[in-house]
Amino acid sequence: VERAAEPIHNPPSMADDDDDPPLTELASGFRKRTFATAKLAAKLGVRYAKHAIGASPAVDAARTRAATELAKEMGRMKGLVMKLGQIASYMPGASSPEGQAILARLQSQSTAMAAEQVAEVVRSELGDAPEKLFERWEPRAAASASIGQVHRASFDGRDVAVKVQYPGIEELVRSDLATIGMLTRVSTIGTNVDGRALADELRARILEECDYRLEA
C-alpha cells in the first residue's frame, strides 16, 4: 500500500458500467491466465496488422467495436496484458484514432477490484481496516490500473491518494512476463531485434512498478 503525500486534484473517475461488476479475484492458472495472456497479446498484434487495410466506415466501426471489447478484456485481466493495451493506446498508427481513444481508458479506467478485497489488502499491510486508519476513506476506486488502484482518503487533515496493489498481482505479472517473453523471443527470430534483451528489459521495468516503496 502506498499513501501519496500529494493531494488529489480532479482525478479521473471510474465509469459506471452495470455489466462490468468489480473483480473479486484475478484470473490465474494456465487456461485463465497464461493462455488468455498469449491470446490477447496476439489479438492486439492482429489489430495492428488490420490497421494497414484500407479504411472505410464499416471497417472503422468494426475497429471501434473490437477496441472496446479488447479494452474490456484487458482491463479485467490486469497485469502485463493490460499494460500492453495502455502502450498500444499511445503508439502512433497502432489503431484508428477512435480505437486508440478507447484503449487510452486503460490508463486510468478499468474494472476495479471489489471494496472487500481492497480493504483486506490494507488490513494486511497496515494492520487495520481503512475506515479506521483514515479520517475519510472512499471504498469506490478513483482510478484503476494494471497493478493497483487508487482510493480517495483523508489523513492528518489532508486529502490523499491511497494506492493499493491487487492481491497476488506480482506473481501474476511474473507469469505474464514469462508468456510475453516467450512470444517476444519467437516473434523476433530472423530480425535485427534482440528478443531476449527486450524481454529482460521489460521484465526489469515492470517488476520495478510492483515495488511501491521504490516507486514512492
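The values are calculated or read from the model by the stated rules, or taken from the named source; none is laboratory data. Not measured: the values here are computed from a predicted model. Virtual Cβ from ideal backbone geometry, glycine too; neighbours counted across all protein chains shown. We work out accessible area using only protein heavy atoms, side chains counted, and drop any ligands, DNA or RNA first. Shrake-Rupley method; radii C 1.70, N 1.55, O 1.52, S 1.80 Å.
Structure data summary
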{"quantity": "Which of R196, R152 is most accessible, then next, and so on - probe 1.4 Å", "calculated": "R196, R152"}
{"quantity": "Rounded accessible area of E135 (nearest 10 Å², 1.4 Å probe)", "calculated": "120"}
{"quantity": "Whole-percent pair-distance distribution, where bins are 10 Å wide, for the alpha carbons of segment 59-169", "calculated": "15, 39, 25, 16, 5, 0"}
{"quantity": "T24-E98 FRET efficiency (beta carbon distance; Förster radius 45 Å; 0.05 resolution)", "calculated": "0.90"}
